[in-house]
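K.L.:
Have a look at this one.
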Amino acid sequence: MLRYLNGGESHGKYLLAVLEGVPAGLPLTPDMVNSDLARRQKGYGRGGRMRVEEDRVEFACGVRHGKTLGNPIGLLVANKDWENWKDVMAVEPSQAPPAKVVTRPRPGHADLVGAIKYGHRDIRNVLEKASARETAIRVAIGGVAKALLGQFGMRVVSYTMEIGGVTATRINDPLVAYDQAERSDVRCPDEAAGAQMIERIRAAKHKGDTLGGVFEVVATNSPIGLGSYAQWDRRLGARLAMAAMSIQAMKGVEIGMGFEAARRFGSEVHDEIYYEQGGKQFIRKTNNAGGLEGGITNGQPIVLRVAMKPISTLYSPKKSVDIETKEPFDATVERSDICTVPAAGVVGEAVVAFEMANAMIEKFGGDSLEEMKRNYDAYQAYVRTF
């Protein structure tokens with residue numbers, strides 16, 4: 001199976017990961033990943049950190065002459081801001097400068113519970129790893145997964161559907177929606193709604209406040225049969241929902257019609273099945289299920305909507321209590337964003353791509369890309385004769 005471990009602190013020297021399970025022979029270059037890293041840094045409402053960093057991936061191992069070897073792949077993303085934090089984040093035994101010791105937990109973050117759990121008296125030990133800066137390396141991993149999916153004609157795209165209560169009008173074709181969203185500063189396919197979202201973000205910035213929203217992730221051209229109903233933890237919908245909820249600040253996930261299905265009659269929800277004689281395939285004319293039935297892909301696009309809470313760090317900070325003095329204070333303000341929903345959609349693409357790639361490897365196996373393609377082609381031929 002496809003798996004990875006990642007590490008690194010927000011102001012450490014590197015973010016890093018080791019990715020295992022990618023078949024040999026997959027064409028892979030840094031440029032195939034760097035485009036998504038750049039997209040993650042954009043979006044109206046981002047903060048000062050994005051003007052400091054210029055994220056690029058380095059493959060430390062597992063890739064030779066532009067193709068994967070079948071070995072674990074080492075990925076590195078350097079933190080340029082580390083140069084300004086070398087003393088604070090020193091690996092060698094030393095004392096952090098007193099001015100950089102954090103004792104005031106920020107409401108909405110992992111600060112207080114993390115400090116209690118791990119016994120840290122300097123909350124920086126918590127916030128450096130809990131930070132959404134970690135998503136840069138996950139976007140890099142997702143870029144590798146996208147490269148694999150692309151070999152089978154699959155794409156994973158995202159776009160913003162809502163920010164601060166402003167909702168975009170739906171475009172039925174996800175690839176059209178994606179193309180239009182990529183021309184928007186808030187990655188919204190609806191130009192009028194996007195303009196209103198920008199105004200809402202400006203208003204929040206003026207108040208020292210933050211905004212959340214909803215983004216949609218769609219995986220296209222997935223084959224029938226990924227995932228399984230045989231065990232709870234092999235249901236692909238569950239795996240995708242867990243992946244989406246693993247992103248910092250996410251608070252809800254819908255698949256397909258989602259919560260709206262709970263408000264409808266069954267006759268308005270379930271996707272009827274037809275058979276197309278010419279194409280020799282089973283089809284559905286609607287996709288209320290979001291491409292998944294019984295935890296298994298049904299050949300329709302996989303559709304997830306993910307709800308993100310407003311960024312926890314406010315420039316008009318909320319009340320907190322110092323963990324040392326137990327006195328009330330205004331919460332510490334780290335450099336922060338106003339709204340990161342557009343960037344969160346790019347991270348959503350990455351985690352969905354990883355789970356889809358994992359399901360493809362699980363289904364079609366193969367130590368090399370060539371072997372995996374043979375298995376895939378044979379299975380698709382079987383599906384057409386079912």
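No value in this document is a laboratory result; all are computed from the given coordinates. Only a predicted model underlies this, so the values are computations on that prediction, with no experimental measurement involved. Backbone-built Cβ (ideal geometry, glycine too); neighbour counts: all protein chains shown.
K.L.:
So if the hydrodynamic radius of the range 326-384 is defined as the Kirkwood radius over C-alpha pairs, what does Stokes-Einstein give as its diffusion coefficient at 25 °C and 0.890 mPa s, in µm² per second?
P.N.:
Values: Rh = 15.6 Å.
Rounded to a whole number, D works out at 158 µm²/s.
K.L.:
Restricting to DSSP H runs of at least four residues, report the calculated mean residue ellipticity at 222 nm for the chain, -39500 (n - 2.57) per run over all residues, nearest 500 deg cm²/dmol.
P.N.:
Working: 10 runs with 121 residues, N = 386.
Calculated at 222 nm, the ellipticity per residue is -10000 deg cm²/dmol.
K.L.:
Would you grab the residues whose amide H sits under 5 Å from the one on residue 235? Only those 5+ places off in sequence or on another chain, please, with H modelled 1.01 Å from N.
P.N.:
Close amide H contacts, sequence-distant or interchain: 228.
K.L.:
Can you order the peptides 31-39, 156-164 by their average number of other Cβ atoms within 10 Å per residue, highest first? Don't jump to the answer; show the numbers that get you there.
P.N.:
Numbers: 31-39: 17.7, 156-164: 25.2.
Highest-to-lowest ranking by the protection proxy: 156-164, 31-39.
K.L.:
Which of rounded, prolate or oblate describes the range 81-238 when judged by the alpha-carbon gyration tensor and an a/c cut-off of 1.5?
P.N.:
Working: a/c = 2.24, a/b = 1.45, b/c = 1.55.
Oblate.
K.L.:
Could you derive backbone 3J(HN,Hα) for the range 85-97 from the dihedral phi with the Karplus parameters 6.51, -1.76 and 1.60 (θ = phi - 60°), listing whole Hz in sequence and x where the residue is Gly or Pro?
P.N.:
Working through the residues one at a time gives 10, 4, 6, 5, 9, 4, 7, 5, x, 5, 9, 5, x Hz.
K.L.:
Right, something else. Which pairs in the list 42/251; 205/319; 86/117; 285/363; 42/318; 146/205 are over 30 Å apart, alpha-carbon to alpha-carbon? Walk me through the intermediate numbers first.
P.N.:
Details: 42/251 22 Å; 205/319 19 Å; 86/117 26 Å; 285/363 26 Å; 42/318 27 Å; 146/205 34 Å.
Those over the limit are 146/205.
K.L.:
Follow-up. Just want the ordering: 10, 320, 94, from fewest to most Cβ atoms lying within 10 Å of their own Cβ. Display every interim value, and only then the final one.
P.N.:
Working: 10 22, 320 19, 94 9.
Going from sparsest to densest Cβ surroundings: 94, 320, 10.
K.L.:
Would you mind classifying the range 56-174 by shape? Square roots of the alpha carbon gyration tensor eigenvalues, ordered a ≥ b ≥ c; an a/c under 1.5 is rounded, otherwise it is prolate if a/b is larger than b/c and oblate if not. The partial results should precede the final answer.
P.N.:
Values: a/c = 2.90, a/b = 1.36, b/c = 2.14.
Here the range 56-174 falls in the oblate category.
K.L.:
Hey, another quick one. Under the Karplus relation 6.51 cos²θ - 1.76 cosθ + 1.60, θ = phi - 60°, what is the ordered set of whole-Hz ³J(HN,Hα) values for the range 174-185, x standing for Gly and Pro?
P.N.:
Result, ordered by residue: x, 6, 5, 4, 4, 4, 5, 5, 5, 9, 10, 5 Hz.
K.L.:
Just order 101-107, 168-174 by mean Cβ neighbour count inside 10 Å, highest at the front, would you? Present the calculation step by step, with values, prior to reporting the outcome.
P.N.:
Numbers: 101-107: 19.3, 168-174: 15.1.
The peptides rank, most packed first, as 101-107, 168-174.
K.L.:
When every alpha-carbon pair in the range 3-384 is counted, what percent end up more than 26 Å apart? Please report the intermediate quantities before stating the final value.
P.N.:
Details: 40557 of 72771 pairs.
When all Cα pairs of the range 3-384 are counted, 56 percent exceed 26 Å.
K.L.:
Moving to a separate point now. Hey, what do the phi angles of the range 145-153 turn into as Karplus ³J(HN,Hα) couplings, whole Hz, using 6.51/-1.76/1.60 and θ = phi - 60°, x for Gly and Pro?
P.N.:
Rounded to whole hertz, the list is 4, 4, 4, 5, 4, x, 5, 10, x.
K.L.:
What is the range 77-186's relative contact order, in percent, from Cα pairs under 8 angstrom and six or more apart in sequence? Don't skip to the end; give the middle numbers.
P.N.:
Values: 58 pairs, mean separation 15.1, N = 110.
Relative CO of the range 77-186 lands at 14 percent.
K.L.:
Also, I was wondering about something else. Which residues' amide hydrogens lie under 5 Å from the amide hydrogen of residue 283, considering only partners 5 or more residues apart or on another chain, with H built in the peptide plane?
P.N.:
Close amide H contacts, sequence-distant or interchain: 274, 275, 276.
K.L.:
Among rounded, prolate and oblate, which fits the range 73-143 when a ≥ b ≥ c are the square roots of the eigenvalues of its C-alpha gyration tensor, a/c under 1.5 means rounded, and a/b larger than b/c means prolate?
P.N.:
Numbers: a/c = 2.26, a/b = 1.34, b/c = 1.69.
Oblate.
K.L.:
Can you list residues from other chains, or at least 5 along the same chain, whose modelled amide H is less than 5 Å from the amide H of residue 293?
P.N.:
Amide H neighbours of residue 293, under 5 Å, 5+ apart: 298.
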